């Protein structure tokens with residue numbers, strides 16, 4: 001068994017009924033900055049708010065560099081109706097030897113509750129198993145992130161671990177859960 005490296009020959013644009021998942025571009029930097037400055041978006045992600053457009057540009061460059069190195073695939077989710085960037089998502093930490101990777105993402109709070117994250121995640125999981133030929137996909141999240149847990153459960157992921165006090169963030173330790181799905 002081997003990871004399908006042909007999947008990295010050109011960036012894999014994906015489509016769902018309401019979204020175009022495309023390569024992250026410099027033109028997305030302002031929307032990324034706006035999203036990563038939002039306290040609600042950052043609530044369940046252990047990182048400081050993004051402070052400048054240059055940080056957003058660096059993230060775009062790093063994401064695309066990781067694709068070139070076959071270490072990750074980062075998509076922008078663009079709403080088909082408006083073309084507006086609604087979030088980012090991806091397959092990261094691709095382990096070529098063990099055929100495992102992690103999925104994750106973030107979405108503008110304006111689009112929460114519309115099942116768009118589920119729609120994008122479903123397509124990414126399909127790509128990871130069918131195109132990359134991964135054996136397993138996992139998702140790490142704060143244990144209190146009920147929305148992300150619901151998405152993983154809806155996609156057939158099962159809770160594999162609960163790590164107590166794994167992350168010190170916001171002045172307190174937080175539990176992390178890992179959900180995994182096997183091909």
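Brief remarks follow.
- Modelled label reach - residue 55, point 7 Å along Cα→Cβ, segment 1-42 residues with backbone N closer than 13 Å: 32-39, 42
- Gap separating the Cα centres of segment 12-69 and segment 82-161, nearest whole Å: 15 Å
- Helical contribution to [θ] at 222 nm, DSSP H n ≥ 4, -39,500 (n - 2.57), averaged over the chain, rounded to 500: -8500 deg cm²/dmol
- Across all C-alpha atoms in the chain, the radius of gyration and Dmax reach 15.8, 44 Å.
- Highest-MSF residue in the chain out of 124, 94, 53 [GNM, Cα springs under 10 Å]: 53
- Nitroxide proxy distance, nm - points 7 Å out along Cα→Cβ at residue 18 and residue 110: 1.5 nm
- Legend: calculated FRET efficiency, residue 175 to residue 34, from the Cβ-Cβ distance at R0 = 30 Å, rounded to 0.05, equals 0.55.
- Put simply, when 39-45, 68-74, 4-10 are sorted by average Cβ atoms within 10 angstrom per residue, most first, you get 68-74, 39-45, 4-10.
- At q = 0.23 Å⁻¹ the log10 of I(q)/I(0) for segment 5-67 amounts to -1.03, computed by Debye summation with a single uniform scatterer per C-alpha, solvent ignored.
- DSSP bridge orientation in segment 11-182 - percent antiparallel, rounded to nearest 5: 90 percent
- Segment 11-182: relative contact order as a whole-number percent, Cα under 8 Å and 6+ apart: 18 percent
Taken together, the values in this text are just the output of simple stated rules run on the coordinates, not laboratory data. No experiment lies behind these values; they were computed from the predicted model shown. Counting neighbours? That spans all protein chains shown, and the Cβs are built from the backbone with ideal geometry, glycine included.
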